[in-house]
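Following this message is one structure expressed as structure tokens.
What follows draws every value from the coordinates through simple rules; no lab data is involved. Values in this document were obtained by computation on a predicted structure and should not be read as measured data. Cβ sites come from the backbone with ideal geometry, for glycine too, and all protein chains shown count toward neighbours.
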Amino acid sequence: TITEADIEDILDELELELISNDVAVEVAESIREELKKELVGRRVKGKSEIPKVVEEGFREALLSVLEPKKEVDLMETVEKARQDGRPAIIMFVGVNGSGKTTTIAKVAKLLKDHGYSVVIAAADTFRAAAIEQLEEHAERLGVTLIKGERGDDPTAVAFNAVQHAEAKGKDVVLVDTAGRAYTDVNLMEELKKMKRVLEPDLVVFVGDALAGNDAIEQAKTFHEYVGIDCAILTKVDADAKGGAVLSISKVTGAPILYLGVGQDYDDLKAFSPEWFVERVIGGEES
Amino acid sequence: MIGFADRLAEITKKIKGASIIDEDFVKEVVRDVQRALLEADVDVKLVLELSKRIEKRALEEEPPAGVPKRDYLLRIVYEELVELLGGEKTEGLDIDLSRDVNVIMLVGLYGMGKTTTAAKLARYLQRKGYRVGLVGADPYRPAAGEQLRQLAEEVDVPVHVEDVDDAVEMAVKGVEALKDECDVVIVDTAGRDRLSEDLIDELREMAERIEPHEVLLVLDATVGQKAGDHAEAFHEAVQLTGVVITKLDTAAKGGGALSAVARTGAPIKFVGTGERVDDLEEFNPRSFVARLLGI
Ligand SMILES: Nc1nc2c(ncn2[C@@H]2O[C@H](COP(=O)(O)OP(=O)(O)OP(=O)(O)O)[C@@H](O)[C@H]2O)c(=O)[nH]1
Ligand SMILES: Nc1nc2c(ncn2[C@@H]2O[C@H](COP(=O)(O)OP(=O)(O)OP(=O)(O)O)[C@@H](O)[C@H]2O)c(=O)[nH]1
Ligand SMILES: [K+]
Ligand SMILES: [Mg+2]
Ligand SMILES: [Mg+2]
């Protein structure tokens with residue numbers, strides 16, 4: 001059987017490997033502990049078999065973290081709302097500069113390609129030229145943008161967009177929100193209020209693949225305030241490690257739906273846990 | 001989760017509380033420091049190097065007369081961290097009014113806060129009495145020029161965004177347009193990463209043409225293990241003269257910036273502490289580390 005002493009070193013290595021991949025320390029430690037519990041006492045034919053057993057266990061442990069606590073499918077959500085005769089409402093949230101607005105443009109393109117009609121709500125009324133940024137995307141994509149003035153109440157702008165979509169029989173409303181520091185309670189409360197008013201079908205957390213330990217605090221706090229249904233990780237193309245997927249899954253249980261892999265509209269890739277796990281285990285560089 | 005500052009405060013308490021400092025105790029403290037630094041996103045290799053140095057010094061060096069051993073251990077941890085940051089003093093910007101014009105270029109990864117920082121720096125320099133201008137050189141991001149224009153209006157400085165789709169030309173024309181009326185022009189560039197070779201080449205060419213006196217890497221406090229690699233690529237292309245860490249108003253620790261400094265030798269010069277144009281502070285290594293150590 002495998003003893004603790006047999007695997008201490010290898011577990012240390014795996015933990016460091018996770019941390020090197022930008023998995024939060026806390027999450028890396030908990031994966032290590034799980035794995036240890038799983039392996040110690042397990043029967044093996046000989047010591048030489050241990051590395052293989054550990055690798056298999058490690059793979060399983062990672063996959064189990066990425067196992068969503070509930071299934072979420074973007075297209076199904078939109079289709080279901082359409083069948084109910086109402087627009088699906090999808091809110092995008094995240095910290096400053098994580099890629100929300102760009103991701104919304106990509107998702108709008110994806111939905112449009114699937115034959116759905118899209119309305120975008122420019123509910124970031126705070127940042128300079130946030131509205132103009134979306135305007136340009138909406139124009140290029142040929143989708144409707146509902147906007148207000150800089151400084152307007154973001155919830156009111158989003159609400160207008162929903163009313164517009166209802167009146168025109170549109171299929172989906174994508175709500176862009178201002179990036180915010182999760183440490184700012186007022187801004188988090190504002191988001192909570194928006195959610196209460198809009199009752200969205202989905203809240204999508206947009207996280208940055210370049211982020212390390214902070215991903216966990218971000219996901220935790222946004223989850224606490226608005227509840228995260230699923231996540232999209234951006235900038236995966238930017239030589240990013242992307243361990244944030246494990247951190248986000250671990251603290252929210254929300255599935256990662258897509259990865260952002262570039263700045264073009266088609267640079268949105270379906271996420272697969274297996275792909276990520278191979279990337280970590282294979283030690284492949286980005 | 002226990003944050004970096006909490007961790008180090010804990011370590012500090014542990015050190016202060018220890019009556020004898022033996023090898024086991026030193027090792028335990030070093031392990032704690034290690035964990036804290038990893039939680040702060042400092043490069044894994046760098047953490048291992050640093051902790052080895054701390055351990056070695058703690059075991060070998062005799063504290064000066066009158067300094068209790070435990071205080072000395074604490075001082076070693078502190079010193080090594082400050083050392084990592086490039087020393088106790090903060091370097092200011094290289095601005096010389098006898099020059100035709102002083103050029104500051106801001107570079108970095110996507111969404112780090114370059115454009116916002118350009119406006120913050122404009123305000124900061126304006127308050128010091130300089131005539132400052134902003135130049136837009138990001139032809140890619142939708143409304144990047146408009147963002148800079150609105151921010152320029154807010155800080156009330158001239159701005160030039162040449163209406164072409166070539167980033168180098170935008171920078172050259174912009175500096176040209178503003179250099180007579182300004183002492184300092186700040187050039188805002190598009191986000192890019194070490195793998196985007198064309199964009200890195202574009203940056204190199206831009207720097208060759210506008211010959212910046214300062215090239216600041218803008219890095220947000222959330223960036224993790226890859227910060228050092230990216231910083232190095234920017235450094236190779238355009239010779240960084242400094243780093244600005246943004247988004248320090250969150251709980252993110254900014255350990256990525258330590259890796260960037262370690263790999264390039266470029267010192268941290270400013271920190272961004274919010275979204276508004278006034279939210280910029282001169283970097284203070286002493287208080288930064290003191291804050292981290294909880295002392
Ligand atoms: N390389 C790459 N860049 C991306 C990706 N997603 C977003 N970006 C870039 O990241 C930067 C910030 O993106 P935005 O969409 O403006 O981010 P945001 O979250 O809306 O930002 P705020 O609204 O200011 O909080 C832009 O330069 C985008 O082009 C991606 O998947 N890959
Ligand atoms: N909380 C916080 N947000 C910041 C800070 N600095 C910038 N931001 C925000 O970060 C986001 C990105 O800022 P930008 O200035 O657009 O970043 P950028 O590097 O120019 O982005 P690209 O040009 O797309 O690469 C915006 O939402 C800013 O308001 C800061 O110090 N704290
Ligand atoms: K001048
Ligand atoms: Mg945005
Ligand atoms: Mg910018």
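Averaged over B:217-230, how many beta carbons belonging to a partner chain fall within 10 Å of each residue's beta carbon?
Partner-chain Cβ atoms within 10 Å, mean over residues of B:217-230: 6.
Evaluate peptide B:35-41: per residue, the Cβ atoms of other protein chains within 10 Å of its Cβ; return the mean as an integer.
5
Among B:Glu88, B:Glu208, B:Glu62, which one shows the biggest mean-square fluctuation in a GNM of chain B, springs joining Cα atoms closer than 10 Å?
B:Glu62
Over chain A, what is the relative contact order in percent, taking alpha-carbon pairs closer than 8 angstrom and at least six residues apart?
About 24 percent, as a whole number.
Ok, one more. Can you list which of the GluC sites (Glu not before Pro) found in region A:19-97 are DSSP loop residues with at most 14 other C-beta atoms within 10 Å?
Passing both the DSSP loop test and the Cβ count: A:Glu71.
So what's the angle, to the nearest 10 degrees on a 0 to 90 scale, between helix A:25-39 and the longest Cα principal axis of chain A?
Its long axis makes an angle of about 50 degrees.
Shifting gears a bit: When Lys and Arg each count +1 and Asp and Glu each count -1, what net charge do the other residues less than 11 Å away from A:Ser249, Cβ to Cβ, add up to?
Combined, the nearby Lys, Arg, Asp and Glu give +1.
With both partners inside the protein assembly as shown, how many of the DSSP beta bridges are antiparallel, as a percent to the nearest 5?
Here the antiparallel bridges make up roughly 10 percent for the protein assembly as shown.
Among bridges DSSP assigns within region B:215-295, what percent are antiparallel (round to 5)?
Counting only bridges with both partners in region B:215-295, antiparallel ones make up about 25 percent.
Next up: Given 4 °C and 1.567 mPa s, compute D for the protein assembly as shown with the Stokes-Einstein relation, Rh being the Kirkwood radius over Cα pairs; round to the nearest whole µm²/s.
Result for D is 52 µm²/s.
Something else: Hey, got the dipole for region B:53-120? About the Cα centre, +1 on K and R Cβ, -1 on D and E Cβ, debye to the nearest 20?
Roughly 300 debye for region B:53-120.
For chain A, what is the mean residue ellipticity at 222 nm derived from helices alone (per DSSP H run of n ≥ 4: -39500 (n - 2.57); sum divided by total residues; nearest 500 deg cm²/dmol)?
The per-residue figure over chain A is -16000 deg cm²/dmol.
Tell me the mean residue ellipticity at 222 nm calculated for chain B from its helices only (DSSP H runs of n ≥ 4, each -39500 (n - 2.57), averaged over every residue, nearest 500).
-16000 deg cm²/dmol
Using Cα-Cα distances under 8 Å and only pairs 6 or more residues apart, what relative contact order does chain B have, in percent?
Result for chain B is 24 percent.
Take the alpha-carbon centre of region B:232-278, take the same for region B:68-125, and report the distance between them in whole Å.
7
Multiply the residue separation of A:Glu56 and A:His114 by 0.36 nm, subtract the distance between their alpha-carbon atoms, and state the gained length in nm to one decimal.
Separation in residues times 0.36 nm, less the Cα-Cα distance, equals 17.1 nm.
With a cap of 11 neighbouring Cβ atoms within 10 Å, and only residues DSSP puts in a loop, list the GluC sites (Glu not before Pro) found in region A:100-151.
A:Glu149
Continuing with the same structure: Return the subset of A:Lys100/B:Lys247; A:Lys193/B:Lys120; A:Lys235/A:Lys269 for which the Cα-Cα distance in this structure is over 19 Å, preserving the input order.
With Cα atoms farther than 19 Å apart: A:Lys193/B:Lys120.
Now a separate question. Output the Kirkwood hydrodynamic radius of region A:86-170, Cα pairs only, in Å rounded to one decimal.
In region A:86-170 this quantity evaluates to 13.0 Å.
Near A:Asp201, within a Cβ-to-Cβ distance under 12 Å, what is the net charge of the other residues, with Lys and Arg +1 and Asp and Glu -1?
-3
Something else now. With a Förster radius of 25 Å, plug the Cβ-Cβ distance of A:Asp152 and B:Asp278 into 1/(1 + (r/R0)^6) and report the FRET value to the nearest 0.05.
Result of the calculation: an efficiency of 0.65.
Rounding to the nearest 20 debye, state how big the charge dipole of the protein assembly as shown is about its Cα centre with +1 on each Lys and Arg Cβ and -1 on each Asp and Glu Cβ.
In total the dipole reaches around 1480 debye.
Summing Lys, Arg as +1 and Asp, Glu as -1, what charge do residues with Cβ under 9 Å from the Cβ of B:Gln225 carry, B:Gln225 excluded?
Neighbourhood net charge equals -2.
Each label point is 7 Å from the Cα along the Cα-to-Cβ direction; what then is the distance between the points at B:Glu83 and B:Lys128, in nm?
The answer from the label model is 3.0 nm.
Now for a separate question. Give me the distance in nm between label points sitting 7 Å out from Cα along the Cα-to-Cβ direction at A:Glu278 and A:Glu13, one decimal.
Roughly 2.3 nm, to one decimal.
Write out the trypsin sites (Lys or Arg not before Pro) in region B:133-201 meeting two conditions: DSSP loop, and at most 15 other Cβ atoms within 10 Å of their Cβ.
Within region B:133-201, no trypsin sites (Lys or Arg not before Pro) qualify (loop, at most 15 other Cβ atoms within 10 Å).
Still on this structure, I have one more. Pop a pseudo-label 7 angstrom from the Cα along the beta-carbon direction at both A:Glu33 and B:Leu97 and give the gap in nm to one decimal.
Once both label points are built, they end up 6.1 nm from each other.
Related question: Can you pull the mean other chain C-beta count within 10 Å for peptide B:105-114?
Rounded to a whole number, the mean comes out at 4.
Same structure again: Longest span of chain A, sites excluded, free of trypsin sites (Lys or Arg not before Pro) in DSSP loop with at most 10 other C-beta atoms within 10 Å?
In short, A:71-286.
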